[in-house]
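Computed from the coordinates by the stated procedures, all read-outs in this text should not be read as laboratory data. Quantities reported herein were computed from a predicted structural model and do not represent experimental measurements. Heads up, the Cβs are rebuilt from the backbone with ideal geometry, glycines too, and the neighbour counts pull from every protein chain shown.
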Amino acid sequence: MRMLLHFLKPYKLQTFAVLAALAVNLLGVLLVPTILANMINIGVSSRDFDYIVHQALFMLTAAVLSGAGAFVSNYFCADLATKVGRDIRNAVYEASLKFSGGDFERFGTGSMITRTLGDVNVIQQAITMTIQMMLPVPFAAVIGVALAWSIDEQMGMMLACFIIVVAIIAVVTVKKAAVIFQKLQRFIDRMNVRLRESITGARVIRAFGKEEAERKSLDEAFSAYADSAIKVNWLFATFDCSSFFIMNLAEVAVIWLGGNRVGAHAMQIASISACVEYAMLILFFLMMAQICALTLPRALVCLERCRQVIECPPSIADGPGTELTPAQDIVAHFGNASFRFADASEDTLHHINFFCRRGTTTAIIGPTGSGKSTIAKLLLRFHDVSDGAVEVCGTDVRDLTQRALRTRISYVPQKAWLFSGTIAENLRYGKPDATDEELWHALDVAQSGFVRELPDGLETCVAQGGTNFSGGQRQRLSIARALVKPADLYIFDDSFSALDFKTDAALRHALATEVAHAAVLIIAQRINTIVSADQIIVLKDGCIQGLGTHRELMRSCAAYQEIARSQLRAEELEELLGVDVELEADEVDAADAVNAADEVTVATEGGAAVAHADVHAAAAATDAPAAAPAEGGAPATEAPAVKGGE
């Protein structure tokens, strides 16, 4: 409630206007029975027609004021609820923008979507219903009991007792329902996650024939929600029946007590109808309040869930620095940096040391799960190092604001993502004032010539996530978006994986001159992408296994040699190195040997000897590169190369 009052505070005058209009509405509604009773008790009994006309005009005025109050209160109530809902949604979204990767994973994507959209909608509806259905209850109770008390004290006390009984039942029901509603919101999160997985992974589910298993999983999520919802409905059904019973009991009691009081000459007969009207109006508002009570426990849970996001302190806080001084040479530096995820038992990266210099290209390669992308995230400060330091332009990233840091870095993520809109809007994401000429130049460098062939060119519509483009086209558009933004450091996180070798080579050649003024960090899986890098870092199990150029690593780094053997043929390795490279295959599957060749020709020093390889002994066969003609003049037969790792 404290958070709700915080969001209502900017609209104090509007809130006061809503309450004042609501009071006028209720006062007019409750005055009508009193005026009617006076018309009967005084005007009819005394046959004073002028008094009846006067009271009728008074009743008409009360009805008009009541209608005007209802209109004003409903209008300002809807406007107030909309504004508060907008502010809460903006606060949740702005808080999520400050989250680190670990903070966001703590809540989960499905839960964040539910909190931002569904939970805020529930809060907004609850505000409207509370003002229109629940706030009238105390107004009606106080005014109704006061008017009944003015007629007869015993009648006023009886009405007060009925109101207290109904209120106690409502409070007990809401408390019990609140616990169940907490579970309901968690079940909604779970259903959201399961539905997103089923929709986005529909092709995989069909490919593996797991439709039935997926259907059972969804049924379990839906059934758990339904069971809890049924329990809540039972609670409110009981409350509803109790309220109707008490309402009818109150009507009978008013008539019975009123008859006794009229017989005792303590009140007049027309006053009984006024008291019945008071009782019915008050209990009617209580019935309306119970409808609102259906959403109130859920709204309180939703409010708490939004508060958790808004008040969650981000694990990565901005430093005091707002500006970076461009370094003459070193753009980025990892100084003995180690990193461990919050839920991990050991470090993901261990004592990483390297420099990214201006005008040079640094490449990172390694097996899956070695921590390559984590290095990029540390540079962008999506995470903070556990030990050591990461510096950009000579300043520790923890001493900078995240905005100041990221304005100097241009990033192409591992998963190419485009936003709904147009190609031009996506390309201007990092530089809103970029001209069309700059956009076309970036597209040309990124080998995105297909855009020129599109009928609308830069104004071509882009679907959410760029699903109307192929994987390679999305990657090239993402690269072009990064090139439009001026930066000191360009990070390409496995951004060439969907490109064919020809496009990959052309793009790297164009990049060499385009980003010559900055440092470039390329994270890749393919050696062909990084073979020309100024320095290559080989990662394995979070540790640097080697650092140097391609030629140096091929001679000195066993981990790099292993990657090369798994990707390149013998001829390619020999061409890249300019020296003979002997590839040894420790084990070759028998089936692969059959597919490779039925015969393996082994080149010998004295000439060419032909050996027919047995299929079962092919595991011990050694690949031989193409040999020059032997001294005896007989040309050596080229042995087919077997890729390592196959």
Please check the chain for the longest run free of trypsin sites (Lys or Arg not before Pro) that are loop-located per DSSP (anything but H, G, I, E, B) and have at most 14 other Cβ atoms within 10 Å. 416-646
Between Glu304 and Phe419, the two model label points (7 Å from Cα along the beta-carbon direction) sit apart by a distance in nm of 3.5 nm
Calculated FRET efficiency, Ile255 and Asp50, Cβ-Cβ r, R0 30 Å, to nearest 0.05? 0.45
Treating only Lys and Arg (+1) and Asp and Glu (-1) as charged, each at its beta carbon, one finds that region 415-486 has a dipole about its Cα centre, in Debye to the nearest 20, of 420 debye
Give the order of Cys461, Cys302 when sorted by the count of other beta carbons within 10 angstrom, beginning with the fewest. Cys461, Cys302
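Give the order of Tyr490, Tyr429 when sorted by the count of other beta carbons within 10 angstrom, beginning with the fewest.
If I rank by nearby Cβ atoms, fewest first, I get Tyr429, Tyr490.
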Round to the nearest 0.05 the FRET efficiency obtained for His351 and Lys216 when R0 = 41 Å and r is the Cβ-Cβ distance. 0.30
May I ask for the Kirkwood hydrodynamic radius of region 28-93, worked out over all distinct Cα pairs and given in angstroms to one decimal? 14.5 Å
Pop a pseudo-label 7 angstrom from the Cα along the beta-carbon direction at both Arg86 and Ala510 and give the gap in nm to one decimal. 4.3 nm
Mean-position separation - Cα centroids, region 90-163 and region 408-471, in angstrom: 45 Å
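Could you put Val179, Val252 in order, starting from the residue whose Cβ has the fewest other Cβ atoms within 10 Å?
Val252, Val179
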Charge-dipole axis of the chain as Lys and Arg at +1 and Asp and Glu at -1 on Cβ define it, positive-most pick from Gly457, Ser345, Leu117: Leu117
So, how do all the Cα-to-Cα distances of the chain break down into 20 Å bins, in percent, from 0 on up? 14, 31, 26, 16, 9, 3, 1, 0
Taking Cα atoms, the helix 270-310 axis meets the longest principal axis of the chain at an angle in degrees (rounded to 10) of 20 degrees
Degrees separating the helix 558-567 axis from the principal Cα axis of the chain, which is the longest one: 90 degrees
If one computes the Cα centroid of region 9-24 and of region 196-235, what distance in Å separates the two points? 44 Å
Work out the length of the dipole vector of the chain about its Cα centre, built from +1 on the beta-carbon of each Lys and Arg and -1 on the beta-carbon of each Asp and Glu, and round it to the nearest 20 debye. 3780 debye
At what distance in nm do the modelled label points of Asp541 and Trp149 sit from each other, each positioned 7 Å from its Cα along Cα→Cβ? 8.1 nm
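Using 1/(1 + (r/R0)^6) with R0 = 51 angstrom and r between the beta carbons of Val64 and Thr401, what's the FRET efficiency to the nearest 0.05? Mind showing how you got there, number by number?
Working: r = 59 Å, r/R0 = 1.15.
With R0 = 51 Å, the Cβ-Cβ based efficiency is 0.30.
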At 0.36 nm per residue, minus the direct Cα-Cα distance, what do Thr368 and Ser338 gain on full extension? Give it in nm, one decimal, please. 9.0 nm
May I ask for the angle, rounded to the nearest 10°, between helix 136-151 and the longest principal axis of the chain, with both axes built from Cα atoms and the value confined to 0 to 90°? 10 degrees
Above-threshold pairs, the threshold being 19 Å between Cα atoms, out of Lys176/Lys231; Lys83/Lys183; Lys9/Lys183; Lys83/Lys175; Lys98/Lys377; Lys377/Lys415: Lys83/Lys183; Lys9/Lys183; Lys83/Lys175
